[in-house]
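As structure tokens, the structure follows; a few thoughts come after it.
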Amino acid sequence: MSFPLLLRRLPMAVVWHLLPSTCALCGDGCDGVVCPPCCAQFAPPRGACCARCANPLPASSPAPASWPPRMRGAMPRVERQEVDSSWATEPICGSCLADPPAFDATVAAVEYAAPLDQLVLQLKFGARLPLAPWFAERLRDAVLARPGMALPDVLCPVPLGRRRLVERGFNQALEIARPLAASLGVALHPKLAERTTETTAQSGVTPAERAGNVRGAFAVADPDRVAGRHVGLVDDVMTSGHTLAELAATFKRFGAAQVTNFVFARTPPHSI
């Protein structure tokens, strides 16, 4: 029996022990997808950010609490009794005060900048799926850094259109949402929303066209799971925020009480 055929017949956990692993950032050998030195160097806590859109606040604003120590092995669950709604007193940026988006809050783990932006591209276009649980760990750390934050009742990944899902073979948002839901102890409903329109990728249109590009693109598949509930939206990157805003607005039309975004990376405003 050939070695590749043998690998396909082994449990995935055994395969990972047999095959060498290298850090996705520096290339050195390590037990995970990102080595501890790179994790410490390139994934620090973000500075003070708007609680609603996660864009940076002026330097005079208070910084968030530091991230908790890294934990080895499986991600322990965040107990629901640890959080409440007092986090709503966190600062809001002027843009969100003047023109509030449909979503109520955003948690972003890192800034979408080199070299971490390459990890997003490796996951989305290189199908390096082991990165997804690492993204979820960073997001969980970001949640723990905001101990007053209310957890959602349900998590929903941002859906892909059918054509793009077939081309890619997976939805990166769903791959992040699975381990994140398990660690937060929150129910995951992968098909709670669906993309009813095959939109052009937001990166392929101008900033002025992005809101119109996704307008009316989503539908709620199970309204009974939405009415009166706090919905968490999961995605890999938040750039202009129009996709998440449109999806949040769709959930609000079906009676969602609150919508919070959980994104691995937030694009700085000057890069949009």
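The values are calculated or read from the model by the stated rules, or taken from the named source; none is laboratory data. Owing to the predicted nature of the structure, the values given are computational and were not obtained by experimental measurement. Quick reminder, even Gly has a Cβ in these numbers, built from the backbone with ideal geometry, and neighbours come from all protein chains shown.
A compact table of results
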| quantity | calculated |
| --- | --- |
| Residue among Arg163, Arg140, Arg146 that is in contact (Cβ under 8 Å) with a residue 24 or more places away in the chain, farther than 15 Å from Asp235 by Cβ, in contact with a strand residue (DSSP E or B) (Cβ under 8 Å, 6 or more places away or on another chain) and among the basic types (Lys, Arg) | Arg146 |
| Number of the condition not met by Val186 [criteria: (1) surrounded by fewer than 19 Cβ atoms within 10 Å (Cβ to Cβ); (2) farther than 25 Å from Phe42 by Cα; (3) free of Cβ contacts under 8 Å to residues at least 60 places away in the same chain] | (1) |
| Residues (out of contact with any Gly (no Cβ under 6 Å at 6 or more places or on another chain) and surrounded by fewer than 17 Cβ atoms within 10 Å (Cβ to Cβ)) located in segment 256-272 | Pro268, Pro269, His270, Ser271, Ile272 |
| Condition broken by Val83, with the remaining ones in (1) modelled with pLDDT under 65; (2) under 22 Å from Leu139 (Cβ atoms); (3) exposed (fewer than 13 other Cβ atoms within 10 Å of the Cβ) satisfied | (3) |
| Selected residue (only one of Leu131, Leu233 is out of contact with any Asp or Glu (no Cβ under 6 Å at 6 or more places or on another chain), modelled with pLDDT of 90 or more, within 26 Å of Asp31 (Cβ to Cβ) and surrounded by 21 or more Cβ atoms within 10 Å (Cβ to Cβ)) | Leu131 |
